[in-house]
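Okay, structure first, notes after.
The values are calculated or read from the model by the stated rules, or taken from the named source; none is laboratory data. Note that the coordinates shown come from a computational prediction; the quantities given were computed from them, not determined experimentally. All Cβ positions, glycine included, derive from the backbone under ideal geometry; neighbour counts span all protein chains shown.
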Amino acid sequence: MNAAAPRFRLAFVGFGEAASSIASGLREAGFDSMAAFDVAADREPFRTRIRQRAEQAGVTLLDGPEGLAGAETVFVLVQPSASMAVAQSCAAHVRPDALYVDLTSLGPTDKAAVGAYVTAAGRRFVDAAILGSAPTSRHRVPIVAAGPEVGQFVERFSPYGMDISPVGERFGAAAGIKIVRSVLAKGLEALYVEALIAARRMGVEAEVLQSFCAFLDARPALDTAAMLVRSHVPHAGRRADEMRMSRAAVAETGLDPLMTDAIVKLMERSAASGVVEGSGGNQPPSLDGALTILDAALAAAPSPARS
């Protein structure tokens, strides 16, 4: 390790939109002495864009991973598929007392594997995940973080307005929150796309959107989640019938009902799993109770063959 490396309070590995947004926000909050290493900085069209971002955020660009030796904290913000390769090429250059914060969107198993590699190399690893839009919220974007070093992560960056929520010491916990939350966020995105295109082709786009938004606005989001999951237990079979009609209607517009097909299959799976019998045909009194019944029924049901 290069003992003479310039000292930085924070170094980024990967300096794309998310990293530069966080860096510019931290800079405005009074956090200085930042650097970044990005392999794409050696080629166009990325070179010009990265250099512009670094200049605007007051970030020093490093020529290679050796420069990470001067950083007190390292934020890794690269493509998920590159996370392990980055750890293998960069961890040895990071100071043993520095924090290695992996903010990539990996799944929990892969993030835990990266954490195991980094800690085996004698470095201090933090599993972290961004739960929002960094370009919109910059350094204040909500972040969940896991690992034994989370307290130090919070201590170093919360004074500058970073919104960091500890979620335990197990590597992969933060990544799991991010990935499963994405099922909800991206699932809603996909549902809106399919339903609203179908509604537009039927000439009822405004009415569908207005009525559904009124449904969403009628109660807090947590209450809506509980209501839907609780009522799913006794009514999945009836809702499967309704969704078959919805699937036919979407298909009649000429749109492939990808999401609607998936909803039919999920409703049919729940109905066939025995949840009605497990609940006595009644709505469970709580979200936790409904999830317990569903989880047990689905665990006991035969797994479908996968191609």
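Among the residues of the stretch 218-240 satisfying the criterion of being assigned to a helix (DSSP H, G or I) and charged (D, E, K, R), which is surrounded by the most Cβ atoms within 10 Å (Cβ to Cβ)?
Within the stretch 218-240, the subset assigned to a helix (DSSP H, G or I) is 221-240.
Among the residues that remain, those that are also charged (D, E, K, R) are: 223, 230, 238-239.
Numbers: 223: 11, 230: 22, 238: 11, 239: 19.
Result: 230.
Consider only pairs whose beta carbons are under 8 Å apart and that are at least six residues apart or on different chains; among these, list those whose first residue lies in the stretch 42-61 and is without any contact (Cβ under 8 Å) to a residue 40 or more places away in the chain and whose second residue is of a type in the set (Asp, Glu).
Hits for this filter: 46/38; 50/38; 58/32.
Just to be sure, is residue 169 acidic (Asp, Glu), part of a loop (DSSP other than H, G, I, E, B) and under 30 Å from residue 134 (Cβ atoms)? Spell out the reasoning first.
Numbers: acidic (Asp, Glu): yes; part of a loop (DSSP other than H, G, I, E, B): yes; under 30 Å from residue 134 (Cβ atoms): yes.
Considered against the rule, which asks whether it is acidic (Asp, Glu), part of a loop (DSSP other than H, G, I, E, B) and under 30 Å from residue 134 (Cβ atoms), residue 169 comes out as yes.
How many residues are surrounded by 15 or more Cβ atoms within 10 Å (Cβ to Cβ), touching a residue at least 40 places away in the same chain (Cβ under 8 Å) and not in a helix (DSSP H, G or I) if we restrict to the stretch 270-298?
2
Taking the criterion of being of a type in the set (Ser, Thr, Tyr) and closer than 22 Å to residue 120 by Cβ, would at least one residue in the stretch 37-55 satisfy it? Spell out the reasoning first.
Taking the stretch 37-55 as the starting set, the residues that turn out to be of a type in the set (Ser, Thr, Tyr) are 48.
Among the residues that remain, those that are also closer than 22 Å to residue 120 by Cβ are: none.
Checking the stretch 37-55: not a single residue is of a type in the set (Ser, Thr, Tyr) and closer than 22 Å to residue 120 by Cβ.
Return yes or no: is residue 298 modelled with pLDDT of 95 or more and either in contact with a Pro (Cβ under 9 Å, 6 or more places away or on another chain) or not acidic (Asp, Glu) (or both)? Write out each step before concluding.
Numbers: modelled with pLDDT of 95 or more: no; either in contact with a Pro (Cβ under 9 Å, 6 or more places away or on another chain) or not acidic (Asp, Glu) (or both): yes.
In short, no.
Restricting to the stretch 34-63, name every residue that is part of a strand (DSSP E or B) and aromatic (Phe, Trp, Tyr). Walk me through it before giving the result.
Within the stretch 34-63, the first condition is being part of a strand (DSSP E or B), and the residues that meet it are 34-37, 59-61.
Matches in the stretch 34-63: 37 only.
Go through the stretch 6-33 and report how many residues are under 17 Å from residue 91 (Cα atoms) and of a type in the set (Lys, Arg).
2
Here are the criteria: (1) under 21 Å from residue 203 (Cα atoms); (2) part of a helix (DSSP H, G or I). Tell me which single one residue 267 does not satisfy.
For residue 267, the exception is condition (1).
Here's the yes/no breakdown for (1) at negative phi; (2) modelled with pLDDT of 90 or more; (3) out of contact with any Phe, Trp or Tyr (no Cβ under 6 Å at 6 or more places or on another chain):
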site	(1), (2), (3)
16	yes, yes, yes
19	yes, yes, no
40	yes, no, no
44	yes, no, yes
48	yes, no, yes
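For the structure I just gave you, tell me whether residue 17 is within 22 Å of the chain's Cα centre (by Cα) and acidic (Asp, Glu). It would help to see each step written out before you state the result.
Working: within 22 Å of the chain's Cα centre (by Cα): yes; acidic (Asp, Glu): yes.
Answer is yes for this residue.
Out of the residues in the stretch 34-71 that are among the small types (Gly, Ala, Ser) and within 27 Å of the chain's Cα centre (by Cα), state the one that is farthest from residue 89 (Cα to Cα).
Residues of the stretch 34-71 among the small types (Gly, Ala, Ser): 35-36, 40-41, 54, 57-58, 64, 67, 69-71.
Right, trim to within 27 Å of the chain's Cα centre (by Cα) and you get 35-36, 40-41, 54, 57, 71.
On the way: 35: 17, 36: 15, 40: 15, 41: 17, 54: 22, 57: 25, 71: 16 Å.
Looking at residues that are among the small types (Gly, Ala, Ser) and within 27 Å of the chain's Cα centre (by Cα), I get 57.
When you check residue 170 against the structure, is it of a type outside the set (A, V, I, L, M, F, W, C), out of contact with any Lys or Arg (no Cβ under 7 Å at 6 or more places or on another chain), within 17 Å of residue 80 (Cα to Cα) and surrounded by fewer than 17 Cβ atoms within 10 Å (Cβ to Cβ), yes or no? Walk me through how you get there before you give the answer.
Numbers: of a type outside the set (A, V, I, L, M, F, W, C): yes; out of contact with any Lys or Arg (no Cβ under 7 Å at 6 or more places or on another chain): yes; within 17 Å of residue 80 (Cα to Cα): no; surrounded by fewer than 17 Cβ atoms within 10 Å (Cβ to Cβ): yes.
Judged against the criteria, residue 170 is not a match.
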